[in-house]
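Step one of this worksheet: look at the structure below.
The values are calculated or read from the model by the stated rules, or taken from the named source; none is laboratory data. The structure presented is a predicted model; accordingly, all values stated were derived computationally and were not measured. So basically every Cβ, Gly included, is an ideal-geometry build from the backbone, and we count neighbours across all protein chains shown.
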Amino acid sequence: MSIRDVTMQKLLKPSEYAQMHGLSRQSVYAKIKRGTLPSKKIDGRYYVIVTSESAPDVDIPEEKEERKIEQIALIDEYKEIIRAKDETIEVLKASIQDLKEANAQITQTLQEEIMLLKQAFHEMKTLYQNHTQLAHTLPKEMEEEGSTIHLEPESESKPQVEVEEVKSPKEKKCDKTSKKSQQTKESASHEEDCWIPLGDLIQRQQYNYNKAKQVVKRFKKAYKRGDKRIKKENGIYFISCYDFYEDILE
């Protein structure tokens, strides 16, 4: 069918009919599909048939009601979308806040750990410096004062106030012209005695530099007063293994 076959009828495009009657294009196409609105399909396109006998204004109230329902449904759909969007935004805000708090807590924990490591490193460095200073400075000062302290490796046993019994080499024979009997007697006497360097006592007690220096001065004063528990040979102070020294160490 061509347009010439329907010259007695007035044909309108769906958009024109919708504009004329205040409808949407979707409503017009819906009426065409339901068959409530006369139409013709020409060259693959729909046209609304308008004749003098037809009364298109009769359906206007119904069309307005349908349009109103469609608008209400569309508004409700938009409201639902907006509501879902708002809920999503709130969830994202809460997640961001939780992440911020977690990051702040992790940062604080890391800072505390770093401070502890710095303090531990500083303490270890201080202990090492004190030990090095004691090992190098104390023997030098003792030599300047006329005495020498031999620092031996620390014993595995726990530090004790009482000096443990250890064996020392025999004293050198000073008088080469003495008699053989006297040399034998002196050797036997040395074997019965037990003397250790004063440095061993300081090493076992784990004194720091200032304390070690103070202890050495006390033993030197006691030696000068004639304390038999202390002797000096070749510039080295020795103490007896069998005596106690609380009176000097206090």
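The table that follows gives values for the structure above.
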read-out	value
Test for Asn130: is it assigned to a helix (DSSP H, G or I), surrounded by 10 or more Cβ atoms within 10 Å (Cβ to Cβ), in contact with a Phe, Trp or Tyr (Cβ under 9 Å, 6 or more places away or on another chain) and not assigned by TED's automatic domain parsing to the domain that holds Asn208	yes
Listing of helices (runs of 4 or more DSSP H) fully contained in the stretch 189-249 that carry 3 or more residues being outside the structural domain of Thr132 (by TED's automatic domain parsing) and either among the basic types (Lys, Arg) or at pLDDT 90 or above (or both)	209-224
Tabulated pairs, the stretch 207-227, first small (Gly, Ala, Ser), second modelled with pLDDT under 90, C-beta under 6 angstrom, 6+ apart or interchain	Ala212/Leu138; Ala212/Ile202; Ala222/Ile248
Residue within the stretch 61-73 that is closer than 21 Å to Ser15 by Cβ, surrounded by 10 or more Cβ atoms within 10 Å (Cβ to Cβ), at pLDDT below 90 and hydrophobic (A, V, I, L, M, F, W, C) present	no
Residue in the stretch 94-114 that is surrounded by 10 or more Cβ atoms within 10 Å (Cβ to Cβ), of a type in the set (A, V, I, L, M, F, W, C), under 42 Å from the mean Cα position of the chain (by Cα) and modelled with pLDDT under 90 present	no
